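Undergrad: Sharing a structure, written as structure tokens. Questions coming.
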Amino acid sequence: MKKVVITGSTRGIGYTMAMEFLRAGCSVTLSGRGEALKPQAEALLKPFEGKYIYVPCNVQDKKSIKALWDVSAEKWGRIDIWINNAGQNTPHVFSWETEEDFTESVINTNLLGIIYGSQVAAKEMVRQGQGAIYSMEGLGSNNMIQVKTILYGTTKHALTYFMKGLAKELEGTGVIAGRLSPGMMLTDFITKMPDGGTAELFENRQFRKVFNTLADRPETVAKFFIPRILENRKNNAEIEWLTNSKAAWRFISSSFRKDRLI
């Protein structure tokens, strides 16, 4: 079965994808900034002992990413699938009100991190002669503008361009690159801000209505993603959960979806 590395996989969609890959029989490297997985996360992984490892990684540091590859490759023998999932948001304020530390963090994590991750994975996978690299899209990838979120959206817009370009550069190498589009999900990534505050958006009645119409739990999205990632052989593929037709149907049937999640 496939050998998988997922950055930013200690919680949220990264963690649930790791669980689904393990259930599918894959070997998985989880990673995050902490020195170890939290006890609750580790307890849920106990049935898969021997099929996963945890490697600390700061995606803003290319040497750290290379160490993530090296440790994983030594453990599993090869890496078939690399997923750039680590992401960072900013406090819900206007771009000119965003402090320098948060500005640098969102850019260095969401953009520089996926570039570094893709560079390391592409170089090593070309050497292997095979492999697949995926990055997680988000608000901004489709040009949608949400005020007080434009720094995050800028990084995701750039991510989509980079991944499309990477796919073109990888043509004929045996390595493919693609994008994962999860839509809205109920995770602390969106409910809590990096400064520790609660997202102001959730105080907005209209936003709550839209969120309850369109959003899903990460477990639902992960169950959709994993079989399609494992089956995909197409370069420059976008594996999209919340398609336009699905979103349209949810709005039509929204009266039945009140307060689904929040």
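Undergrad: Give me the residue from region 79-93 that is surrounded by fewer than 24 Cβ atoms within 10 Å (Cβ to Cβ) and of a type outside the set (Val, Ile, Thr) and, out of that set, nearest to the chain's Cα centre (by Cα).
TA: Of everything passing the filter in region 79-93, Gln88 is nearest to the chain's Cα centre (by Cα).
Undergrad: Where residues in region 126-169 are closer than 16 Å to Asn85 by Cβ and of a type in the set (S, T, N, Q), which of them is surrounded by the most Cβ atoms within 10 Å (Cβ to Cβ)?
TA: Per the criteria, the residue is Ser135.
Undergrad: Considering only region 112-125, state which residues are touching a residue at least 60 places away in the same chain (Cβ under 8 Å) and either surrounded by fewer than 23 Cβ atoms within 10 Å (Cβ to Cβ) or over 16 Å from Asp70 (Cα atoms) (or both).
TA: Correct list: Gly113 only.
Undergrad: Please count how many residues of region 224-262 are charged (D, E, K, R), modelled with pLDDT of 75 or more and surrounded by 15 or more Cβ atoms within 10 Å (Cβ to Cβ). I'd like the intermediate steps shown before the answer.
TA: Taking region 224-262 first, the residues charged (D, E, K, R) are 228, 231, 233-234, 238, 240, 246, 250, 257-260.
Next, only the ones that are modelled with pLDDT of 75 or more stay: 228, 231, 233-234, 238, 240.
When the remaining residues are screened for being surrounded by 15 or more Cβ atoms within 10 Å (Cβ to Cβ), the result is 238, 240.
Number of matching residues: 2.
Undergrad: Any residue in region 209-217 that is modelled with pLDDT of 95 or more, under 25 Å from Met19 (Cα atoms) and not in a loop (DSSP other than H, G, I, E, B)? Lay out the reasoning, then the answer.
TA: If we filter region 209-217 for residues that are modelled with pLDDT of 95 or more, which is where we start, we get none.
The answer is no, given that none of the residues of region 209-217 is modelled with pLDDT of 95 or more, under 25 Å from Met19 (Cα atoms) and not in a loop (DSSP other than H, G, I, E, B).
Undergrad: As an exercise: evaluate Gln146 against (1) of a type outside the set (Gly, Ala, Ser); (2) within 12 Å of the chain's Cα centre (by Cα); (3) farther than 17 Å from Glu240 by Cβ and give the number of the one condition it does not meet.
TA: (2)
Undergrad: List the pairs whose first member sits in region 132-150 and is on the phi > 0 side of the Ramachandran plot, whose second member is assigned to a loop (DSSP other than H, G, I, E, B), and whose Cβ atoms are under 6 Å apart, counting only residues at least 6 apart or on separate chains?
TA: Going by the 6 Å Cβ cut-off, the qualifying pairs are Lys148/His92; Lys148/Val93; Lys148/Phe94.
The values are calculated or read from the model by the stated rules, or taken from the named source; none is laboratory data. The shown structure was predicted, so the numbers you read here are calculated from the model rather than taken from an experiment. Counting neighbours? That spans all protein chains shown, and the Cβs are built from the backbone with ideal geometry, glycine included.
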